[in-house]
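This report refers to the structure that appears directly beneath it.
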Amino acid sequence: MHQKDQQFVLPTAYLKLFVQYAGATGLDLDPLLQGTGLSVKSLLKAQRAIDFETVRRMLARVTRHLGEGWHLALGERFTVPAHGALGFAVVTAPDVRAAVRVLLRYFGIRGPFLWPSGAVEGEEYVIRFYESQTMGAERRLLIELALLSMQGLIERPLGHTLRGARLAFALPKPAYCPALERSFHAELVFDARRHSLRLPLSWLEQPCAMHDGAMHRYLLARCEEELRETAGGLPAELTVRQALLATPGHMPSLGEIAAGQNLSTRTLIRRLKRGGTSYGAIREGVRRTLATDYLANSGLSISRIAYRLGYQDPSNFGRAFRGWFGESPGSYRKNARAR
């Protein structure tokens, strides 16, 4: 799902937190910002989002200066207010289930390089994270910052830490693992096939102490506005893929996605065509990714997986899967688990 030449941007709020962190640690930002077109003054005054590649280059320089693991201290500053309308929409939700739904739909506004998709699996609720951007040497840093943000956004409405949950990284164990284990509260697993967070299903029923119905509705409207603004700055293919991933158990139609972006269906079709793709091709790509992930990493039955992917008849899913990979879903699952 990695994309090249994207127009991803990151909110300036995170960069302002970075400036505050630099000031608190005595880090001289000026040499680190050389060649980026940014200055400390412009960062503090910036109102518009900053392009992803500029941020990535700046983070790379800081890592060369401070060494690996420095970002964990920065991640501690990513509290609810740092996430703007998204953060407050999460904590004012009626319960944790609703808070998680908010995260699934809008998390891409704040961290567009990592898209979540969630589903019930037995006695757990599993959130899987799909990398949508090639992140280079900063991949681990960015993923860990995003998942620290996710941790904080879930813990606040939950009312306790994620101890009892399990967080898997599709990354090897780092040299700074002890610091990582102090920053993350869930059990950590490394070298997984996919980044994922497994929560006890019972946690979703926990009511949110800060629930405020009127405020929550207002904040959801703000998040929708931000989502549309973000979508307007991305290629149509990416916004469609993000919409498909953000609605577990339901594959929204082209018309539904277009309406969510305040576009006509014809306009979205034209934009996809200009990008050399179509809704059907994107949906098939998402289905392929989710299908292999569910088969290899979940205990869901094949018929349940078929339903999750929008197939009313499991035999249709089986035929599609054999067309994609030349083997049945059952055979793929058996071989994947034997590896």
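The values are calculated or read from the model by the stated rules, or taken from the named source; none is laboratory data. The shown structure was predicted, so the numbers you read here are calculated from the model rather than taken from an experiment. Here the Cβ positions follow ideal geometry from the backbone for every residue, glycine too, while neighbour counts run over all protein chains shown.
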Could you run through the stretch 68-81 and say how many residues are within 16 Å of residue 142 (Cβ to Cβ) and not in a loop (DSSP other than H, G, I, E, B)? 5
Within the stretch 197-218, does at least one residue satisfy the condition of being under 26 Å from residue 51 (Cα atoms) and not in a helix (DSSP H, G or I)? no
Wholly within the stretch 300-339, which helices (runs of 4 or more DSSP H) include no fewer than the required count, namely at least 3 residues that are of a type in the set (A, V, I, L, M, F, W, C)? 302-308, 314-325
Counting just the residues of the stretch 189-199 that are out of contact with any helix residue (DSSP H, G or I) (no Cβ under 6 Å at 6 or more places or on another chain) and either surrounded by fewer than 17 Cβ atoms within 10 Å (Cβ to Cβ) or polar (S, T, N, Q) (or both), which one comes out nearest to residue 14 (Cα to Cα)? 196
Just one of (1) within 30 Å of residue 168 (Cα to Cα); (2) free of Cβ contacts under 8 Å to residues at least 12 places away in the same chain trips up residue 276, so point out which. (1)
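Within the stretch 252-267, is there a residue that is surrounded by fewer than 16 Cβ atoms within 10 Å (Cβ to Cβ) and under 30 Å from residue 338 (Cα atoms)?
Scanning the stretch 252-267 turns up no residue that is surrounded by fewer than 16 Cβ atoms within 10 Å (Cβ to Cβ) and under 30 Å from residue 338 (Cα atoms).
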What number of residues within the stretch 92-118 are closer than 18 Å to residue 218 by Cβ and in contact with a Ser or Thr (Cβ under 7 Å, 6 or more places away or on another chain)? 1
From 107, 129, grab the single residue that is farther than 17 Å from residue 289 by Cβ and in contact with a strand residue (DSSP E or B) (Cβ under 8 Å, 6 or more places away or on another chain). 107
Any residue in the stretch 131-148 that is surrounded by fewer than 20 Cβ atoms within 10 Å (Cβ to Cβ) sitting within a Cβ distance under 7 Å of a residue that is assigned to a strand (DSSP E or B)? List the pairs, counting only those 6 or more apart or interchain. 131/114
Any residue at all in the stretch 106-129 that's in contact with a Pro (Cβ under 8 Å, 6 or more places away or on another chain), in contact (Cβ under 8 Å) with a residue 12 or more places away in the chain, on the phi < 0 side of the Ramachandran plot and surrounded by fewer than 18 Cβ atoms within 10 Å (Cβ to Cβ)? yes
Being of a type outside the set (Asp, Glu), touching a strand residue (DSSP E or B) at 6+ places or on another chain (Cβ under 7 Å) and in the same structural domain as residue 84 (by TED's automatic domain parsing): is that true of residue 152 here? no
For residue 93, the lone unmet condition from (1) touching a Leu at 6+ places or on another chain (Cβ under 8 Å); (2) buried (at least 19 other Cβ atoms within 10 Å of the Cβ) is (1)
In this structure, is residue 160 assigned to a loop (DSSP other than H, G, I, E, B), crowded, with 16+ Cβ neighbours inside 10 Å and either free of Cβ contacts under 8 Å to residues at least 40 places away in the same chain or assigned by TED's automatic domain parsing to the domain that holds residue 149 (or both)? no
Run residue 318 past the list (1) at pLDDT 90 or above; (2) on the phi > 0 side of the Ramachandran plot and report the number of the one that doesn't hold. (2)
If the requirement is being outside the structural domain of residue 110 (by TED's automatic domain parsing) and in contact with a strand residue (DSSP E or B) (Cβ under 9 Å, 6 or more places away or on another chain), which of these qualifies: 227, 245, 254? 245
Residue pairs within 9 Å by beta carbon, gap of at least six or interchain, first lying in the stretch 285-296 and assigned by TED's automatic domain parsing to the domain that holds residue 333 and closer than 8 Å to residue 309 by Cβ, second of a type in the set (S, T, N, Q) and not in a helix (DSSP H, G or I), listed first then second, are 290/117
Determine, yes or no, whether residue 182 is closer than 23 Å to residue 111 by Cα and crowded, with 17+ Cβ neighbours inside 10 Å. no
